[in-house]
Amino acid sequence: MPIDAPAEVIANHALSTDYNVLALAAPAIAAAAAPGQFVMVKAAFGHDPLLRRPFSVFEVLRDDRGTPTGISLLNKRIGVSTDLLYAARPGQRVACLGPLGRSFTVVDPPTEGWMVAGGVGLAPFVALAEALGTRGVASTLFYGARRAEELFYLDVFRRLGVELVLTTEDGSLGERGRVVAPLERRLAARAADRPVMIYACGPEGMLAATATTAARFGRPCQVSVERIMACGLGGCYSCVVPMRHGHGGFHHVRSCIAGPVLPGDQILWE
Amino acid sequence: MDLSVRIGSLTLKNPLVAASGCFGYGVEYAEVVDLSSLGGIAVKGLFLAEREGHPAPRIVETPAGMLNAIGLQGIGVHRFIDEKLPELRARKATVIVNICGTTLNEYVELARILSDAEGVDALELNISCPNIKEGGITFGCSLTGTFDVVSAVRKVTRLPVVPKLTPNVTDVASFARAAEEAGADAVALVNTFLAMVIDVETRRPKISNVVGGLSGPAIRPIAVRMVYECRQTVKIPIVGMGGIAEARDALEFIIAGASAVQVGTASFVDPFIWPKLLDGIRDYMRRHQIARIADLVGTIDARARDHEWTSS
């Protein structure tokens with residue numbers, strides 16, 4: 001059962017003029033959250049803004065003894081609610097409902113975990129990298145952004161033993177271009193008998209390219225989709241994703257309860 | 001303290017009903033809401049067949065409200081009866097099935113099928129969805145269409161029949177009267193207000209259907225006015241809705257003339273809202289020494305209040 005916590009803002013770290021990491025005191029949600037799950041956050045009390053916004057659980061925060069104390073969110077300013085969360089001050093409270101949705105399926109060795117992130121799509125991968133590391137799974141993060149200043153938390157992933165493959169659109173760090181290009185080369189070079197699970201989160205075009213590329217090489221791919229949603233519980237039918245169904249048909253599934261993690265090869269990409 | 005209200009032959013244990021289209025088929029909320037604690041659950045609108053609805057994006061937030069054009073995605077009446085109704089019955093929910101047709105015969109067929117199903121407590125006729133091209137609102141925007149569909153359904157069912165009216169007409173009370181004359185047990189109002197939002201950077205509408213229905217606190221004063229107008233016009237009970245987010249909002253509708261109220265958008269924001277609303281209503285009843293909530297219905301004191309105005 002999801003928990004609705006009036007979560008206190010513990011810390012707010014600005015990463016850039018657009019991105020911040022908001023730490024929230026929500027021990028029960030933190031203890032229950034699995035990698036890839038999300039929370040619905042209401043940035044302000046009152047009716048404007050009215051709706052909650054979905055956020056992947058970015059980090060599970062723990063005290064010295066390892067007990068979960070809260071979660072953090074990777075926030076990017078794109079509108080009124082995300083502006084408020086960017087400006088949130090420690091001590092302030094936000095309503096936080098979760099954990100919600102289906103998590104990533106975490107693989108075991110010898111399967112490798114390859115995470116593919118675009119921009120704010122980095123959000124579910126700290127938690128996933130930790131889970132992969134705990135199981136002893138070798139992991140790689142393919143991470144693309146517009147420029148070097150928007151590639152965040154690289155040290156955190158390095159500490160977790162994750163290999164980094166970085167791309168920027170302006171070439172200021174890593175390879176110039178899109179993140180799917182190095183992914184494709186790695187897939188082409190990989191022996192067919194060495195299993196790999198691909199995890200992707202980011203803009204829709206990147207997800208489609210990743211899922212299509214994975215399918216072309218016969219590799220499984222779990223994608224975490226982002227949709228506008230009102231409730232996060234299956235009530236509003238706002239957040240649908242068309243999934244292949246029957247012969248050439250499709251069926252709309254609610255990404256809040258059937259996802260947000262969905263099998264990439266079954267999504268009917270635009 | 002008696003919170004029960006009557007809608008035709010149906011008694012609701014309290015006046016709070018989950019609004020159609022805002023609560024899935026009810027079972028989605030079984031983990032967070034005691035479904036038997038609600039006065040009723042108006043399930044997502046059903047056609048005979050399954051429908052996929054519109055592509056995303058289907059909603060956009062607006063000032064104190066939201067716009068939706070889901071397009072009545074649904075599993076169809078047969079799957080509802082097989083897959084959802086048994087759990088709703090097991091959880092002792094009061095089930096109001098919202099039905100929608102593209103033809104008058106489809107409404108009749110749906111009413112027949114649901115009248116034979118165990119566990120259906122009332123039928124809400126969706127003649128007001130603004131987001132589909134055919135059927136539904138075609139009936140709800142014509143007085144004869146409203147009369148015809150209500151009387152046709154009336155003839156084939158003993159279940160309480162509650163048409164849900166659209167506010168997108170000049171005089172909603174005349175539609176309430178047409179429904180009453182056709183034998184409706186109650187009327188439910190309002191559905192959403194047809195509206196649109198444009199992204200000025202791209203010059204494109206923000207939802208895929210271009211236009212959609214506006215709900216949320218932004219519409220509440222208009223909805224209250226419409227319930228009030230209908231209360232002056234018809235004798236059958238009214239189920240009021242539109243932007244209820246707190247107990248006093250529900251009470252406003254009740255005082256304006258609604259016997260029961262529905263809550264939709266606010267339960268998206270706070271799925272745990274139901275006991276809070278009930279507590280607020282009970283507190284009001286205590287403070288005003290009201291023993292039966294039914295006694296509060298339509299008790300608005302609409303005398304001119306010029307003498308009370310203060311200059312400001």
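One residue stands out among those in the range B:84-107 that are within 14 Å of chain A (Cβ to nearest Cβ) and in a helix (DSSP H, G or I): the one that is farthest from the chain's Cα centre (by Cα), which is B:E87. For the range B:30-71, the set of residues classified as among the hydroxyl-bearing types (S, T, Y) and within 10 Å of B:A93 (Cβ to Cβ) consists of B:S36, B:S37, listed by residue number. Listed by position, the strands (runs of 3 or more DSSP E) contained in the range B:143-253 that have at least 3 residues being closer than 28 Å to B:L114 by Cβ are B:161-164, B:187-189, B:212-215, B:238-241.
The residues of the range A:213-238 that are surrounded by 24 or more Cβ atoms within 10 Å (Cβ to Cβ), in contact (Cβ under 8 Å) with a residue 60 or more places away in the chain and within 11 Å of chain B (Cβ to nearest Cβ), listed by number, are A:M229, A:A230, A:C231, A:G232, A:L233. Of the strands (runs of 3 or more DSSP E) lying entirely inside the range A:198-270, those containing at least 1 residues that are farther than 20 Å from B:G74 by Cα and out of contact with any Leu (no Cβ under 6 Å at 6 or more places or on another chain) are A:221-224, A:261-263. Screening B:G101 on (1) in contact with a Phe, Trp or Tyr (Cβ under 7 Å, 6 or more places away or on another chain); (2) at pLDDT 95 or above; (3) of a type outside the set (D, E, K, R) shows it passes everything except condition (2). Listed by first and then second residue, the pairs with beta-carbon distance under 7 Å, at least 6 apart or on different chains, first residue in the range A:38-62 and more than 7 Å from chain B (Cβ to nearest Cβ) and buried (at least 24 other Cβ atoms within 10 Å of the Cβ), second assigned to a loop (DSSP other than H, G, I, E, B) and polar (S, T, N, Q), are A:V57/A:Q37.
Using beta carbons and a limit of 6 Å, which pairs, at least six apart or on different chains, have the first residue in the range B:9-35 and β-branched (V, I, T) and the second one part of a helix (DSSP H, G or I) and surrounded by 21 or more Cβ atoms within 10 Å (Cβ to Cβ)? Matching pairs, first to second residue: B:V27/B:K84; B:V33/B:W274.
Within the range A:163-212, which residues are at positive phi and surrounded by 15 or more Cβ atoms within 10 Å (Cβ to Cβ)?
Taking the range A:163-212 and keeping what is at positive phi, we get A:171, A:174, A:177, A:202.
Once the filter is applied, which keeps residues that are at positive phi and surrounded by 15 or more Cβ atoms within 10 Å (Cβ to Cβ), the range A:163-212 yields A:G174, A:G202.
Can you tell me how many residues within the range A:1-16 are away from chain B (no Cβ under 14 Å) and either at pLDDT below 95 or buried (at least 19 other Cβ atoms within 10 Å of the Cβ) (or both)? Result for the range A:1-16: 2.
Restricting attention to the range B:46-65, does a residue exist that is under 19 Å from the mean Cα position of the chain (by Cα) and part of a helix (DSSP H, G or I)? Checking the range B:46-65: not a single residue is under 19 Å from the mean Cα position of the chain (by Cα) and part of a helix (DSSP H, G or I). If I filter the range A:137-153 down to residues being of a type in the set (A, V, I, L, M, F, W, C) and surrounded by 17 or more Cβ atoms within 10 Å (Cβ to Cβ), which single residue comes out as farthest from A:V120 (Cα to Cα)? So the residue we want is A:V137. With the condition kept exactly as written, say whether any residue in the range A:247-267 is touching a Phe, Trp or Tyr at 6+ places or on another chain (Cβ under 7 Å), within 14 Å of chain B (Cβ to nearest Cβ) and buried (at least 19 other Cβ atoms within 10 Å of the Cβ). Among the residues of the range A:247-267, at least one is touching a Phe, Trp or Tyr at 6+ places or on another chain (Cβ under 7 Å), within 14 Å of chain B (Cβ to nearest Cβ) and buried (at least 19 other Cβ atoms within 10 Å of the Cβ), which makes the answer yes.
Given the criteria more than 17 Å from the chain's Cα centre (by Cα) and on the phi > 0 side of the Ramachandran plot, does B:R287 qualify? Even if it seems obvious, please write down each step before you answer.
On the way: more than 17 Å from the chain's Cα centre (by Cα): yes; on the phi > 0 side of the Ramachandran plot: no.
No: the conditions fail for B:R287.
Summed over the range B:3-41, residues that are in contact with a strand residue (DSSP E or B) (Cβ under 6 Å, 6 or more places away or on another chain), small (G, A, S) and either within 12 Å of chain A (Cβ to nearest Cβ) or part of a loop (DSSP other than H, G, I, E, B) (or both) total 6. Checking each residue in the range B:215-232 for being more than 14 Å from chain A (Cβ to nearest Cβ), surrounded by 18 or more Cβ atoms within 10 Å (Cβ to Cβ) and not charged (D, E, K, R) picks out B:A223, B:V224, B:M226, B:V227, B:Y228, B:C230.
Screening B:Q73 with (1) of a type outside the set (D, E, K, R); (2) buried (at least 20 other Cβ atoms within 10 Å of the Cβ); (3) over 25 Å from B:F253 (Cβ atoms); (4) under 18 Å from the mean Cα position of the chain (by Cα) gives one miss only, at (2). Just one residue in the set B:T170, B:T166, B:T192 is among the hydroxyl-bearing types (S, T, Y) and surrounded by fewer than 20 Cβ atoms within 10 Å (Cβ to Cβ); that residue is B:T170.
The values are calculated or read from the model by the stated rules, or taken from the named source; none is laboratory data. These numbers were taken from a predicted model, which means no experiment stands behind them. Neighbour counts run over all protein chains shown; Cβ positions are idealised from the backbone, glycine included.
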